[in-house]
Amino acid sequence: MKLIAPDYYTKFQCIADRCRHSCCIGWVIDVDADTLEYYHSVEGTLGERLKNGIDEGGETPHFILGEEERCPFLNQNGLCDIITELGEGALCQICTDHPRYRNFYSDRTEIGLGLCCEAAGELILKRKEKTTLVVLEDDGENEELDVPDESLLTWREQLFAIAQNRNLTIEERVVSVLNAAEFAIPARSLVEWADIYLELERLEESWTDRLQEMKDTDISDAPLLGTAEWEIAFEQLLVYFLYRQLPFALDDGEYEGRAAFCVLSYRIIRDLCRVHAVLHGGVGLDDLVDLARQYSAEIEYSDENVEALLDALFEE
Ligand code: SF4
(Lines give C-alpha, C1' and ligand atoms only; values in the text may rest on other atoms or scores of the structure.)
Protein backbone atom coordinates (compact mmCIF):
# COMPACT_ATOMS: atom_id res chain seq x y z
CA MET A 1 0.00 0.00 0.00
CA LYS A 2 1.27 3.44 -0.90
CA LEU A 3 0.69 6.72 0.90
CA ILE A 4 0.40 9.60 -1.54
CA ALA A 5 0.21 13.34 -0.85
CA PRO A 6 0.52 16.71 -2.58
CA ASP A 7 4.17 17.78 -2.62
CA TYR A 8 3.61 20.61 -0.11
CA TYR A 9 2.20 18.19 2.47
CA THR A 10 5.37 17.61 4.49
CA LYS A 11 5.96 21.36 4.88
CA PHE A 12 2.82 21.79 7.00
CA GLN A 13 3.17 22.99 10.54
CA CYS A 14 0.41 24.01 12.93
CA ILE A 15 0.95 27.62 14.05
CA ALA A 16 -0.76 26.94 17.42
CA ASP A 17 -0.94 30.16 19.48
CA ARG A 18 -0.57 32.32 16.34
CA CYS A 19 -3.66 30.75 14.76
CA ARG A 20 -6.55 33.23 14.47
CA HIS A 21 -9.17 30.57 13.84
CA SER A 22 -8.06 27.69 15.99
CA CYS A 23 -9.59 24.29 15.33
CA CYS A 24 -9.81 24.00 19.15
CA ILE A 25 -12.72 26.47 19.09
CA GLY A 26 -16.19 25.83 17.74
CA TRP A 27 -15.81 22.16 16.70
CA VAL A 28 -17.05 19.10 18.54
CA ILE A 29 -13.95 16.97 19.17
CA ASP A 30 -14.58 13.26 19.67
CA VAL A 31 -12.15 11.22 21.75
CA ASP A 32 -11.33 7.77 20.37
CA ALA A 33 -11.46 4.68 22.59
CA ASP A 34 -7.68 4.10 22.86
CA THR A 35 -6.97 7.69 23.84
CA LEU A 36 -9.86 7.68 26.30
CA GLU A 37 -8.41 4.62 27.97
CA TYR A 38 -5.05 6.36 28.19
CA TYR A 39 -6.65 9.53 29.60
CA HIS A 40 -8.28 7.40 32.32
CA SER A 41 -4.78 6.41 33.41
CA VAL A 42 -3.47 9.98 33.73
CA GLU A 43 -3.09 11.01 37.35
CA GLY A 44 -2.90 14.31 39.22
CA THR A 45 -4.52 17.62 38.31
CA LEU A 46 -4.50 16.97 34.56
CA GLY A 47 -6.02 13.53 35.12
CA GLU A 48 -8.81 15.17 37.12
CA ARG A 49 -9.34 17.79 34.39
CA LEU A 50 -9.47 15.08 31.73
CA LYS A 51 -12.09 13.25 33.75
CA ASN A 52 -14.22 16.38 34.07
CA GLY A 53 -13.52 17.69 30.56
CA ILE A 54 -14.84 14.73 28.59
CA ASP A 55 -18.50 13.83 28.19
CA GLU A 56 -18.69 10.04 28.21
CA GLY A 57 -22.45 9.85 28.58
CA GLY A 58 -23.49 9.84 24.93
CA GLU A 59 -22.73 7.61 21.98
CA THR A 60 -19.28 9.13 21.32
CA PRO A 61 -17.09 10.59 24.08
CA HIS A 62 -16.09 14.18 23.33
CA PHE A 63 -14.51 17.19 24.99
CA ILE A 64 -17.00 19.43 26.79
CA LEU A 65 -16.61 22.81 25.13
CA GLY A 66 -16.40 25.82 27.43
CA GLU A 67 -17.13 29.51 26.94
CA GLU A 68 -17.14 30.60 23.30
CA GLU A 69 -17.06 26.89 22.46
CA ARG A 70 -13.39 26.57 23.41
CA CYS A 71 -11.88 23.14 24.04
CA PRO A 72 -11.37 22.97 27.82
CA PHE A 73 -7.66 22.23 27.26
CA LEU A 74 -6.98 25.27 25.07
CA ASN A 75 -5.36 27.70 27.49
CA GLN A 76 -5.42 31.49 27.39
CA ASN A 77 -2.05 31.53 25.59
CA GLY A 78 -3.61 29.60 22.72
CA LEU A 79 -1.70 26.42 23.59
CA CYS A 80 -3.01 22.95 24.33
CA ASP A 81 -2.50 21.86 27.97
CA ILE A 82 -2.50 18.19 26.94
CA ILE A 83 0.46 18.77 24.59
CA THR A 84 2.22 21.04 27.07
CA GLU A 85 2.00 18.48 29.87
CA LEU A 86 2.00 15.12 28.09
CA GLY A 87 3.42 15.81 24.62
CA GLU A 88 1.87 15.60 21.13
CA GLY A 89 1.67 11.81 21.35
CA ALA A 90 -1.06 12.18 23.99
CA LEU A 91 -3.54 13.79 21.59
CA CYS A 92 -6.67 11.93 20.50
CA GLN A 93 -6.87 10.77 16.88
CA ILE A 94 -8.89 13.74 15.62
CA CYS A 95 -6.50 16.29 17.12
CA THR A 96 -3.50 14.36 15.80
CA ASP A 97 -4.99 14.22 12.31
CA HIS A 98 -6.44 17.69 11.87
CA PRO A 99 -6.31 19.30 9.31
CA ARG A 100 -5.35 16.15 7.44
CA TYR A 101 -7.93 14.14 5.48
CA ARG A 102 -7.56 10.79 3.75
CA ASN A 103 -9.14 9.18 0.71
CA PHE A 104 -8.82 5.44 0.21
CA TYR A 105 -8.20 3.48 -3.00
CA SER A 106 -7.49 -0.17 -3.68
CA ASP A 107 -3.71 0.30 -3.92
CA ARG A 108 -3.11 3.55 -2.04
CA THR A 109 -4.25 6.01 0.55
CA GLU A 110 -4.16 9.66 -0.40
CA ILE A 111 -3.64 12.21 2.30
CA GLY A 112 -4.04 15.98 2.16
CA LEU A 113 -4.45 19.14 4.20
CA GLY A 114 -7.86 20.78 4.57
CA LEU A 115 -8.26 24.45 3.67
CA CYS A 116 -10.29 24.94 6.84
CA CYS A 117 -6.91 25.41 8.56
CA GLU A 118 -5.36 28.81 7.92
CA ALA A 119 -1.80 27.46 8.03
CA ALA A 120 -2.73 24.88 5.38
CA GLY A 121 -4.43 27.61 3.32
CA GLU A 122 -1.29 29.76 3.41
CA LEU A 123 0.79 26.83 2.25
CA ILE A 124 -1.56 25.72 -0.53
CA LEU A 125 -2.89 28.98 -1.95
CA LYS A 126 0.30 31.02 -1.85
CA ARG A 127 2.59 28.49 -3.53
CA LYS A 128 3.68 29.35 -7.05
CA GLU A 129 4.81 25.95 -8.35
CA LYS A 130 2.33 23.56 -9.89
CA THR A 131 1.18 21.03 -7.32
CA THR A 132 2.31 17.46 -7.93
CA LEU A 133 1.61 14.25 -6.04
CA VAL A 134 4.41 12.37 -4.32
CA VAL A 135 4.71 8.96 -2.71
CA LEU A 136 5.38 9.40 1.01
CA GLU A 137 5.42 5.72 1.92
CA ASP A 138 5.40 2.43 0.02
CA ASP A 139 5.41 -0.95 1.72
CA GLY A 140 6.29 -2.66 -1.60
CA GLU A 141 3.16 -4.85 -1.64
CA ASN A 142 2.08 -3.53 -5.09
CA GLU A 143 -1.65 -4.12 -4.62
CA GLU A 144 -3.71 -4.02 -7.80
CA LEU A 145 -5.62 -0.84 -8.59
CA ASP A 146 -9.22 -1.86 -9.29
CA VAL A 147 -10.98 -0.68 -12.45
CA PRO A 148 -13.21 2.08 -10.98
CA ASP A 149 -10.27 3.54 -9.02
CA GLU A 150 -8.02 3.43 -12.04
CA SER A 151 -10.52 5.20 -14.30
CA LEU A 152 -11.19 7.87 -11.67
CA LEU A 153 -7.48 8.52 -11.17
CA THR A 154 -6.86 8.67 -14.93
CA TRP A 155 -9.75 11.11 -15.35
CA ARG A 156 -8.53 13.21 -12.43
CA GLU A 157 -5.08 13.36 -13.99
CA GLN A 158 -6.67 14.79 -17.14
CA LEU A 159 -8.57 17.36 -15.10
CA PHE A 160 -5.37 18.28 -13.22
CA ALA A 161 -3.63 18.85 -16.56
CA ILE A 162 -6.44 21.17 -17.66
CA ALA A 163 -6.49 22.99 -14.31
CA GLN A 164 -2.71 23.50 -14.47
CA ASN A 165 -2.50 24.60 -18.10
CA ARG A 166 -1.03 28.06 -17.61
CA ASN A 167 -1.40 28.87 -21.30
CA LEU A 168 -5.11 29.37 -20.60
CA THR A 169 -6.83 31.75 -18.21
CA ILE A 170 -8.32 30.13 -15.14
CA GLU A 171 -11.82 30.81 -16.50
CA GLU A 172 -10.92 29.02 -19.76
CA ARG A 173 -9.58 26.14 -17.70
CA VAL A 174 -12.74 25.73 -15.61
CA VAL A 175 -14.85 25.80 -18.78
CA SER A 176 -12.61 22.99 -20.12
CA VAL A 177 -13.03 21.05 -16.86
CA LEU A 178 -16.81 21.33 -17.23
CA ASN A 179 -16.59 20.29 -20.89
CA ALA A 180 -14.48 17.28 -19.94
CA ALA A 181 -17.11 16.41 -17.36
CA GLU A 182 -19.87 17.09 -19.93
CA PHE A 183 -21.65 19.20 -17.37
CA ALA A 184 -23.26 22.63 -17.58
CA ILE A 185 -23.69 24.50 -14.31
CA PRO A 186 -27.21 25.98 -14.28
CA ALA A 187 -27.18 29.69 -15.14
CA ARG A 188 -27.92 31.48 -11.87
CA SER A 189 -27.08 34.96 -10.69
CA LEU A 190 -24.80 35.47 -7.71
CA VAL A 191 -27.89 36.51 -5.73
CA GLU A 192 -29.55 33.18 -6.52
CA TRP A 193 -26.44 31.24 -5.51
CA ALA A 194 -26.24 33.30 -2.31
CA ASP A 195 -29.84 32.31 -1.53
CA ILE A 196 -28.96 28.63 -2.04
CA TYR A 197 -25.91 28.89 0.26
CA LEU A 198 -28.00 30.80 2.82
CA GLU A 199 -30.38 27.85 3.01
CA LEU A 200 -27.56 25.52 4.10
CA GLU A 201 -26.53 24.66 7.62
CA ARG A 202 -24.08 27.37 8.88
CA LEU A 203 -21.53 27.38 11.71
CA GLU A 204 -20.33 30.97 12.07
CA GLU A 205 -22.42 34.13 12.01
CA SER A 206 -19.70 35.80 9.99
CA TRP A 207 -20.32 33.26 7.20
CA THR A 208 -23.96 34.35 7.09
CA ASP A 209 -22.72 37.96 6.88
CA ARG A 210 -20.46 37.12 3.96
CA LEU A 211 -23.23 35.36 2.08
CA GLN A 212 -25.54 38.29 2.75
CA GLU A 213 -22.87 40.64 1.39
CA MET A 214 -22.58 38.40 -1.67
CA LYS A 215 -26.31 38.84 -2.13
CA ASP A 216 -26.38 42.59 -1.62
CA THR A 217 -23.21 43.73 -3.44
CA ASP A 218 -23.04 44.62 -7.10
CA ILE A 219 -19.70 43.25 -8.32
CA SER A 220 -20.08 44.21 -11.97
CA ASP A 221 -17.31 46.84 -11.52
CA ALA A 222 -15.18 44.70 -9.16
CA PRO A 223 -11.62 43.71 -10.18
CA LEU A 224 -11.55 40.53 -12.27
CA LEU A 225 -8.57 39.13 -10.30
CA GLY A 226 -6.89 38.01 -13.49
CA THR A 227 -3.29 38.85 -12.61
CA ALA A 228 -0.71 36.06 -12.71
CA GLU A 229 -0.66 35.96 -8.89
CA TRP A 230 -4.43 35.43 -8.65
CA GLU A 231 -4.55 32.99 -11.56
CA ILE A 232 -2.00 30.78 -9.84
CA ALA A 233 -3.79 31.02 -6.48
CA PHE A 234 -7.09 30.03 -8.12
CA GLU A 235 -5.32 27.15 -9.90
CA GLN A 236 -4.14 25.85 -6.52
CA LEU A 237 -7.69 26.21 -5.20
CA LEU A 238 -9.17 24.26 -8.12
CA VAL A 239 -6.54 21.51 -7.90
CA TYR A 240 -7.16 21.25 -4.14
CA PHE A 241 -10.89 20.67 -4.71
CA LEU A 242 -10.29 18.16 -7.52
CA TYR A 243 -7.83 16.18 -5.39
CA ARG A 244 -10.06 16.14 -2.34
CA GLN A 245 -13.58 15.99 -3.76
CA LEU A 246 -13.50 13.78 -6.87
CA PRO A 247 -12.92 10.47 -5.00
CA PHE A 248 -16.39 10.79 -3.42
CA ALA A 249 -17.73 9.99 -6.90
CA LEU A 250 -16.55 6.42 -6.33
CA ASP A 251 -19.21 6.14 -3.62
CA ASP A 252 -22.10 8.01 -5.20
CA GLY A 253 -21.36 7.78 -8.94
CA GLU A 254 -21.70 11.56 -9.33
CA TYR A 255 -18.53 12.02 -11.42
CA GLU A 256 -19.81 15.00 -13.40
CA GLY A 257 -21.54 16.57 -10.41
CA ARG A 258 -18.43 16.30 -8.21
CA ALA A 259 -16.30 17.98 -10.89
CA ALA A 260 -18.92 20.72 -11.21
CA PHE A 261 -18.96 21.12 -7.42
CA CYS A 262 -15.19 21.83 -7.59
CA VAL A 263 -15.76 24.50 -10.23
CA LEU A 264 -18.70 26.00 -8.35
CA SER A 265 -16.63 26.16 -5.15
CA TYR A 266 -13.79 27.96 -6.94
CA ARG A 267 -16.25 30.44 -8.54
CA ILE A 268 -18.07 31.23 -5.29
CA ILE A 269 -14.76 31.83 -3.45
CA ARG A 270 -13.52 33.99 -6.35
CA ASP A 271 -16.72 36.06 -6.24
CA LEU A 272 -16.52 36.38 -2.45
CA CYS A 273 -13.04 37.87 -3.06
CA ARG A 274 -14.52 40.32 -5.56
CA VAL A 275 -17.25 41.27 -3.09
CA HIS A 276 -14.54 41.85 -0.50
CA ALA A 277 -12.67 44.11 -2.95
CA VAL A 278 -15.76 46.26 -3.49
CA LEU A 279 -16.61 46.54 0.20
CA HIS A 280 -13.08 47.00 1.54
CA GLY A 281 -11.37 48.87 -1.29
CA GLY A 282 -9.14 45.93 -2.25
CA VAL A 283 -8.44 42.27 -1.75
CA GLY A 284 -5.26 40.21 -1.33
CA LEU A 285 -4.21 36.59 -1.03
CA ASP A 286 -4.60 36.77 2.77
CA ASP A 287 -8.30 37.45 2.18
CA LEU A 288 -8.45 34.49 -0.24
CA VAL A 289 -6.91 32.24 2.42
CA ASP A 290 -9.50 33.42 4.93
CA LEU A 291 -12.47 33.08 2.59
CA ALA A 292 -11.34 29.62 1.47
CA ARG A 293 -10.87 28.65 5.14
CA GLN A 294 -14.41 29.64 5.91
CA TYR A 295 -15.86 28.02 2.79
CA SER A 296 -14.05 24.78 3.54
CA ALA A 297 -15.20 24.70 7.18
CA GLU A 298 -18.80 25.57 6.34
CA ILE A 299 -19.25 23.48 3.21
CA GLU A 300 -16.64 20.74 2.82
CA TYR A 301 -16.94 19.52 6.39
CA SER A 302 -20.71 19.07 6.14
CA ASP A 303 -21.87 16.14 4.01
CA GLU A 304 -25.39 17.58 4.10
CA ASN A 305 -24.21 20.88 2.64
CA VAL A 306 -22.21 19.22 -0.13
CA GLU A 307 -25.20 17.00 -0.96
CA ALA A 308 -27.51 20.02 -1.09
CA LEU A 309 -25.13 21.81 -3.48
CA LEU A 310 -24.89 18.73 -5.68
CA ASP A 311 -28.69 18.70 -5.83
CA ALA A 312 -28.68 22.42 -6.71
CA LEU A 313 -26.22 21.74 -9.52
CA PHE A 314 -28.61 19.23 -11.06
CA GLU A 315 -31.69 21.47 -10.72
CA GLU A 316 -32.55 23.89 -13.52
S1 SF4 B 1 -6.51 25.47 12.50
FE2 SF4 B 1 -4.51 24.70 11.76
S3 SF4 B 1 -2.96 26.17 12.44
FE4 SF4 B 1 -4.86 26.56 13.60
S5 SF4 B 1 -4.64 25.38 15.52
FE6 SF4 B 1 -5.73 24.06 14.07
S7 SF4 B 1 -4.15 22.84 12.98
FE8 SF4 B 1 -3.12 24.58 14.02
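The values are calculated or read from the model by the stated rules, or taken from the named source; none is laboratory data. Note that the structure is predicted; figures quoted are calculated from it, not measured. Glycine also receives a Cβ, built like all others from the backbone with ideal geometry; neighbour counts cover every protein chain displayed. Surface areas here come from the heavy atoms of the whole protein model, side chains and all, with no ligands, DNA or RNA. Shrake-Rupley method; radii C 1.70, N 1.55, O 1.52, S 1.80 Å.
Here the helices (runs of 4 or more DSSP H) wholly within the range 237-316 that include at least 2 residues being in contact with a Leu (Cβ under 6 Å, 6 or more places away or on another chain) are 255-280, 285-295, 303-314. For the range 157-201, a residue qualifies if it is open to solvent by less than 20 Å² (accessible area, probe 1.4 Å) and either in a helix (DSSP H, G or I) or over 26 Å from E298 (Cβ atoms) (or both), and the qualifying residues are L159, A163, I170, R173, V174, V177, L178, A181, W193, A194, Y197.
If only residues of the range 1-23 that are under 30 Å from V135 (Cα atoms) and within 11 Å of the ligand (Cβ to nearest atom) are counted, the one that is nearest to the chain's Cα centre (by Cα) is C23. Only residues that are part of a helix (DSSP H, G or I) and under 30 Å from R127 (Cα atoms) were counted in the range 206-229, giving 10.
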